[in-house]
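What follows is one structure encoded as structure tokens, with my remarks underneath.
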Amino acid sequence: MRVQGRVCPSNGSRSASVSVPYGMMIAVDTEILINVWQRLLTDPRKSWVLFEHGTCVVLTAPDGDLAEQATEILKEFGPVHAGSSAGDFGVIDLRDAEGWAVTGHHRDVLTYVGPDEPGDQSELAVGLCGRSKRDQDGTELRIVHVEDKRVPADLA
């Protein structure tokens, strides 16, 4: 079955005018995601890792291989388990970019939801869409960008 629009698998909502298989979400362009997170995460000491569906892991204590560190965090805190804290989410209306950041049960794991992704822009629809994207990222674990802001030891 095909529907018109973007579809978030968790709630079946749709918008825009693109034909996609039912239940499949269109990924936001990687360059757009990188640009959004660079605008949002302005602390010069915070390194971060971006996953394919828009989930960002902020590394407050970066150590060693950042991709490996972020993957371990998202492997544990990305997948959704209904009825547990892993299914909880919060929605942040962004000031420095269009769209929302959806939080989960780890304070340094956030997922970007663009303004045209959820069918309606209610907090529930946005949260479910972001939670679904976090679950995909936590299961697939495909990194698309690493922002390493550590100061080299010889410059510190």
Would it be correct to say that S47 is more than 22 Å from I143 (Cα to Cα) and among the small types (G, A, S)?
no
Please enumerate the residues belonging to region 100-121 that are within 16 Å of F77 (Cβ to Cβ), touching a helix residue (DSSP H, G or I) at 6+ places or on another chain (Cβ under 9 Å) and not polar (S, T, N, Q).
A101, V102, G104, H105, H106, D108, V109, L110
Taking only pairs six or more apart or across chains, which ones have beta-carbon atoms under 6 Å, a first residue in region 107-125 that is in a helix (DSSP H, G or I), and a second residue that is surrounded by 16 or more Cβ atoms within 10 Å (Cβ to Cβ) and of a type outside the set (S, T, Y)?
E123/V91; A125/N11; A125/P118
For region 21-37, state whether one or more residues are assigned to a strand (DSSP E or B), surrounded by 15 or more Cβ atoms within 10 Å (Cβ to Cβ) and modelled with pLDDT under 90.
no
Residues satisfying the stated conditions in region 81-106, i.e. surrounded by fewer than 20 Cβ atoms within 10 Å (Cβ to Cβ), on the phi < 0 side of the Ramachandran plot, without any contact (Cβ under 8 Å) to a residue 60 or more places away in the chain and not in a strand (DSSP E or B)
H81, A82, S84, S85, G87, D88, L94, R95, D96, E98, H105, H106
Could you list, ordered by first residue, the pairs with Cβ atoms under 9 Å in which the first is in region 56-69 and more than 26 Å from G114 (Cβ to Cβ) and the second is of a type in the set (A, V, I, L, M) and part of a strand (DSSP E or B), at least 6 apart or interchain?
Q69/V49; Q69/V57; Q69/L59
Does W48 meet the test of being under 15 Å from V144 (Cβ atoms), in contact (Cβ under 8 Å) with a residue 12 or more places away in the chain, in a helix (DSSP H, G or I) and not aliphatic (A, V, I, L, M)?
no
Could you list, in sequence order, the residues of region 138-156 that are in a loop (DSSP other than H, G, I, E, B) and closer than 16 Å to A70 by Cα?
L141, R142, D148, K149, R150
Return yes or no: is D135 under 16 Å from the mean Cα position of the chain (by Cα) and either within 19 Å of L66 (Cα to Cα) or modelled with pLDDT under 90 (or both)?
no
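The values are calculated or read from the model by the stated rules, or taken from the named source; none is laboratory data. Quick caveat, the model's predicted, so the values are computed rather than measured. With ideal geometry, Cβ positions are generated from the backbone for all residues, glycine too; neighbour counts draw on all protein chains shown.
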